[in-house]
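Just so you know, all these numbers are worked out from the coordinates, no wet-lab data involved. What you see is a predicted model, and the numbers here were worked out from it, not measured in a lab. Cβ atoms come from the backbone with ideal geometry, glycine included; neighbour counts cover every protein chain shown.
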Amino acid sequence: MEYYQYIKAFHLIFVITWFAGLFYIPRLFVYQIEAFQKPSPDKEILGEQLKLMAKRLWFIITWPSAILATFFAIWLLVLQPYWLQQPWMHVKLAFVFLLYLYHFKTHQYFNQLQQNVVKKTSSYMRIWNEGATFILFAVVFLVILQNAINWIWGIIGLVILGVLIMLGYKVYKNMRNKDPKA
């Protein structure tokens with residue numbers, strides 16, 4: 001199993017690039033939504049450029065990374081099937097399922113904005129952007145600690161993280177309202 005470490009490395013690389021795409025795409029959504037509020041010709045010029053950037057990010061980086069991360073994960077599980085008997089892996093796979101739900105919902109927002117349909121506010125997208133962060137924290141701690149029994153402490157930690165992020169968002173929003181250029 002000399003190649004096992006290579007497969008693991010590829011899995012990790014594609015997980016990182018997948019998350020990079022999931023972290024950045026909602027920021028592009030924020031800018032797209034805000035571009036809709038600008039006067040012409042800025043609205044059209046910015047809107048088209050941001051749609052192109054989102055399309056390239058989504059289909060050249062994010063989707064392929066999600067598929068390849070999953071491919072290499074399955075390969076790792078085939079090589080190490082005993083992981084599927086570990087309680088921490090069951091919890092991790094539940095978070096991976098949530099990650100895919102987040103990914104598909106983000107794809108829905110992507111499609112709407114590509115068709116110039118704005119159903120959410122830029123503030124909503126700023127908060128939506130944090131969803132992948134919660135999942136990342138949970139998965140990293142599960143993989144490193146390999147302990148599903150302490151999931152209660154993990155949930156408490158995620159709630160605290162969520163509160164801190166919301167407080168940070170409120171502070172940022174107040175600063176932005178005082179200085180729109182922030």
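Assorted remarks:
- Residue-averaged [θ]222 nm for the chain, counting only DSSP H segments that reach four residues, each worth -39500 (n - 2.57): -27000 deg cm²/dmol
- The C-alpha atoms of the chain define a longest principal axis, and helix 42-56 lies at about 10 degrees to it.
- Relative contact order, percent, the chain [alpha-carbon distance under 8 Å, six or more residues apart]: 29 percent
- Calculated FRET value between Phe23 and Glu2, using beta carbons and R₀ = 25 Å, to 0.05: 0.15
- Crossing angle, helix 4-35 versus the chain [Cα axis fit, 0-90 degrees, rounded to tens]: 20 degrees
- Extending 7 Å from the Cα toward the beta-carbon at both Asn111 and Gln85 defines two label points whose distance is 4.2 nm.
- Part-to-part distance (alpha-carbon centres) for the stretch 1-58 and the stretch 90-129, which is given in Å: 12 Å
- Taking θ as phi - 60° and the Karplus parameters 6.51, -1.76 and 1.60, the scalar couplings of the stretch 60-76 work out to 9, 10, 5, 4, x, 5, 4, 5, 5, 4, 5, 4, 5, 5, 5, 4, 4 Hz in sequence order, x denoting glycine and proline.
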